[in-house]
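S.K.: Below you'll find the structure I mean.
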């Protein structure tokens with residue numbers, strides 16, 4: 001009986017030892033597995049970071065290539081704009097400028113060169129229009145010239161010519177007013193509406209004098225005196241006492 005108890009004790013002890021060994025092995029295996037899982041997770045995270053970094057680098061390289069291509073295209077558009085300016089092809093130039101401006105806004109390029117070329121174009125257009133107006137010698141076209149001149153920007157490069165032509169329109173207007181004063185007063189000699197034409201003649205001469213007094217026209221004193229004589233003679237010869245405007249001798 002004692003023998004059996006002793007055997008049972010030894011058997012239980014062995015079982016306990018085996019259990020401890022199993023627990024230790026299982027614990028070691030679990031720890032090893034946990035470390036393996038953590039390591040694999042670390043590797044996955046590291047790989048994901050490397051992949052993300054690679055994607056960022058690829059995106060940056062792509063963006064850099066795109067920027068370089070855009071800059072090359074922008075430079076080509078600027079060069080074509082200059083060629084169009086030299087040829088005077090302003091329709092083409094404006095189209096190229098629109099494309100260049102779109103690129104500049106998209107990629108934050110400087111628009112200074114675009115503005116410079118467009119200003120040169122506008123200056124050339126303004127100078128050409130001004131030259132055409134300068135060719136007009138008919139003083140009766142002074143109103144047309146003045147109105148067209150208002151549409152032309154007064155750039156510093158053409159400001160003096162612009163001012164000279166502007167002043168010329170008033171001198172032309174003065175000449176026209178004197179012409180009209182003479183034409184209407186001479187109609188009186190033919191008996192054409194003496195009172196109306198006399199009034200018109202005086203009105204035209206008065207307007208001409210206003211231009212002189214305002215400093216916008218140079219006075220032709222001899223012609224003004226001649227017109228006054230014609231008006232006085234016309235009044236005395238054709239109108240008489242029936243019509244006596246207060247400004248007759250003014």
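The values are calculated or read from the model by the stated rules, or taken from the named source; none is laboratory data. Everything numeric in this text was worked out from a predicted model, so none of it was measured. Cβ: placed from backbone, ideal geometry, glycine included. Neighbour counts: every protein chain shown.
S.K.: What number of residues within the stretch 158-191 are under 24 Å from residue 225 (Cβ atoms) and more than 53 Å from the chain's Cα centre (by Cα)?
M.R.: 5
S.K.: Of the conditions (1) part of a helix (DSSP H, G or I); (2) closer than 25 Å to residue 145 by Cα; (3) in contact (Cβ under 8 Å) with a residue 24 or more places away in the chain, residue 216 fails just one. Which one is it?
M.R.: (1)
S.K.: I've got another one for you. Can you name the residue in the stretch 131-157 that is over 21 Å from the mean Cα position of the chain (by Cα) and within 25 Å of residue 87 (Cβ to Cβ) and, of all such residues, is surrounded by the most Cβ atoms within 10 Å (Cβ to Cβ)?
M.R.: By that ranking, first place goes to 133.
S.K.: Moving on to the next point. Given the criteria assigned to a helix (DSSP H, G or I) and modelled with pLDDT under 95, does residue 59 qualify?
M.R.: Values: assigned to a helix (DSSP H, G or I): yes; modelled with pLDDT under 95: yes.
Here the answer is yes, as residue 59 does meet what is asked.
S.K.: Can you find even one residue in the stretch 150-159 that is part of a helix (DSSP H, G or I) and closer than 13 Å to residue 217 by Cα?
M.R.: Scanning the stretch 150-159, I find no residue that is part of a helix (DSSP H, G or I) and closer than 13 Å to residue 217 by Cα, so the answer is no.
S.K.: Now for a separate question. Of the residues 213, 247, only one is at pLDDT below 95 and within 54 Å of the chain's Cα centre (by Cα); which?
M.R.: Checking each option against the conditions leaves just 247.
S.K.: Among the candidates 237, 201, which residue alone is part of a helix (DSSP H, G or I) and either under 24 Å from residue 171 (Cα atoms) or in contact with a strand residue (DSSP E or B) (Cβ under 7 Å, 6 or more places away or on another chain) (or both)?
M.R.: Working: 237 fails: either under 24 Å from residue 171 (Cα atoms) or in contact with a strand residue (DSSP E or B) (Cβ under 7 Å, 6 or more places away or on another chain) (or both).
So the residue among 237, 201 that is part of a helix (DSSP H, G or I) and either under 24 Å from residue 171 (Cα atoms) or in contact with a strand residue (DSSP E or B) (Cβ under 7 Å, 6 or more places away or on another chain) (or both) is 201.
S.K.: Additional query: In the stretch 168-210, what count of residues is obtained for those that are modelled with pLDDT under 95 and under 18 Å from residue 146 (Cβ atoms)?
M.R.: Of the residues in that region, 0 qualify.
S.K.: Still on this structure, I have one more. Take the residues in the stretch 81-99 that are surrounded by fewer than 18 Cβ atoms within 10 Å (Cβ to Cβ) and in contact with a helix residue (DSSP H, G or I) (Cβ under 7 Å, 6 or more places away or on another chain); name whichever of them is nearest to residue 125 (Cα to Cα). I'd like the intermediate steps shown before the answer.
M.R.: Filtering the stretch 81-99 down to residues surrounded by fewer than 18 Cβ atoms within 10 Å (Cβ to Cβ) leaves 82-83, 86-92, 94-95, 98-99.
Adding the requirement that they be in contact with a helix residue (DSSP H, G or I) (Cβ under 7 Å, 6 or more places away or on another chain) leaves 82, 90, 92, 99.
Numbers: 82: 15, 90: 9, 92: 14, 99: 21 Å.
Taking the candidates together, the pick is 90.
S.K.: Restricting attention to the stretch 112-140, which residues are farther than 17 Å from residue 162 by Cβ and in a helix (DSSP H, G or I)?
M.R.: Step one: list which residues in the stretch 112-140 are farther than 17 Å from residue 162 by Cβ, which gives 112-118, 120-121, 137-140.
Once the filter is applied, which keeps residues that are farther than 17 Å from residue 162 by Cβ and in a helix (DSSP H, G or I), the stretch 112-140 yields 112, 113, 114, 115, 116, 117, 118, 120, 121, 139, 140.
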